[in-house]
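K.L.:
Have a look at this one before I ask anything.
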């Protein structure tokens with residue numbers, strides 16, 4: 001039996017999304033974060049949400065160690081899923097959605113988008129001298 | 001002679017080649033992709049994999065667009081090459097066997113994917129070639145800037 005995959009799920013009222021827990025460095029209240037944030041859904045073209053929902057910041061790390069601060073608007077759940085329930089996007093839509101690697105199918109038949117936040121804003125897009133997520137030493 | 005499955009989207013009658021139909025199911029739960037088009041607006045889980053959802057209403061300009069997470073009361077799962085599509089529809093009728101000579105040249109629609117017309121239960125029904133439809137859509141996606 002394959003090992004289960006730990007994911008961080010964000011129940012954003014616009015669309016539910018998830019990110020690999022292995023990429024998550026820490027999660028903190030939005031009020032504790034003073035640097036710029038990335039709204040990954042807005043970056044993908046979804047209209048910004050309102051402020052009525054719980055807002056936290058998820059710090060994710062890309063493969064090159066680059067860290068991004070991502071807005072999580074909605075309840076957060078950290079849960080393991082069966083790898084068989086992580087379904088890669090079909091070719092017909094994957095080309096248009098490189099930031100979305102798969103969908104996660106839950107037992108209640110609901111779905112979530114598995115995002116690759118570091119693909120939403122590649123490190124090359126950051127302004128020289130400005131870090132979206134200041135490194136801590 | 002070929003078998004077709006008549007379906008309806010709002011008031012539009014469409015016939016698809018029975019050979020492309022893998023399954024006819026109930027309402028579909030799907031999720032919208034923010035970067036997707038109106039024609040292929042999202043994905044759904046089917047038989048342990050993700051399949052693209054096609055909105056015939058958007059493609060045909062007929063009826064209301066799909067709104068995630070729920071869809072229409074029936075879903076056709078169609079196979080074209082290596083691709084499987086989930087197509088929510090309002091109704092599915094009994095498959096019909098239709099002689100090629102009974103399919104008229106299309107008049108009410110002129111898009112390339114509308115390959116003919118036939119009368120079903122007194123309704124002018126557009127015979128749709130799913131392959132042509134998808135290929136024309138893919139050409140747009142492939143050439144679109146990201």
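K.L.:
If you check A:13, A:48, A:29, which single one turns out to be loosely packed, with under 13 Cβ neighbours inside 10 Å, within 14 Å of chain B (Cβ to nearest Cβ), at pLDDT 90 or above and at negative phi?
P.N.:
It is A:13.
K.L.:
Might you let me know whether region B:28-38 holds any residue that is surrounded by fewer than 18 Cβ atoms within 10 Å (Cβ to Cβ) and free of Cβ contacts under 8 Å to residues at least 40 places away in the same chain?
P.N.:
Yes, region B:28-38 contains at least one residue that is surrounded by fewer than 18 Cβ atoms within 10 Å (Cβ to Cβ) and free of Cβ contacts under 8 Å to residues at least 40 places away in the same chain.
K.L.:
Mind checking which residues of region B:39-59 are touching a residue at least 12 places away in the same chain (Cβ under 8 Å), in a loop (DSSP other than H, G, I, E, B) and more than 7 Å from chain A (Cβ to nearest Cβ)?
P.N.:
Answer for region B:39-59, where residues must be touching a residue at least 12 places away in the same chain (Cβ under 8 Å), in a loop (DSSP other than H, G, I, E, B) and more than 7 Å from chain A (Cβ to nearest Cβ): B:39, B:41, B:54, B:55.
K.L.:
Those residues that are within 14 Å of chain A (Cβ to nearest Cβ) and assigned to a loop (DSSP other than H, G, I, E, B), I need them from region B:80-117; list them, please.
P.N.:
Correct list: B:81, B:82.
K.L.:
On to the next question. Restricting attention to region B:8-27, and to residues there that are out of contact with any helix residue (DSSP H, G or I) (no Cβ under 8 Å at 6 or more places or on another chain) and in a strand (DSSP E or B), which single residue is surrounded by the most Cβ atoms within 10 Å (Cβ to Cβ)?
P.N.:
B:15
K.L.:
If only one of A:98, A:88 is modelled with pLDDT of 90 or more, facing chain B (nearest Cβ under 10 Å), under 17 Å from residue A:17 (Cα atoms) and under 17 Å from the mean Cα position of the chain (by Cα), which one is it?
P.N.:
A:88
Yes or no, residue by residue, for (1) closer than 20 Å to residue B:35 by Cα; (2) without any contact (Cβ under 8 Å) to a residue 24 or more places away in the chain; (3) out of contact with any strand residue (DSSP E or B) (no Cβ under 9 Å at 6 or more places or on another chain):
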{"residue": "A:85", "(1), (2), (3)": "no, yes, no"}
{"residue": "A:88", "(1), (2), (3)": "yes, yes, no"}
{"residue": "A:91", "(1), (2), (3)": "yes, yes, no"}
{"residue": "A:99", "(1), (2), (3)": "yes, no, no"}
{"residue": "A:105", "(1), (2), (3)": "yes, yes, no"}
{"residue": "A:109", "(1), (2), (3)": "no, yes, no"}
{"residue": "A:120", "(1), (2), (3)": "yes, no, no"}
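The values are calculated or read from the model by the stated rules, or taken from the named source; none is laboratory data. All values derive from a computational prediction rather than experimental measurement. FYI the Cβ positions are ideal-geometry reconstructions off the backbone, even for glycines, and counts take in every protein chain you see.
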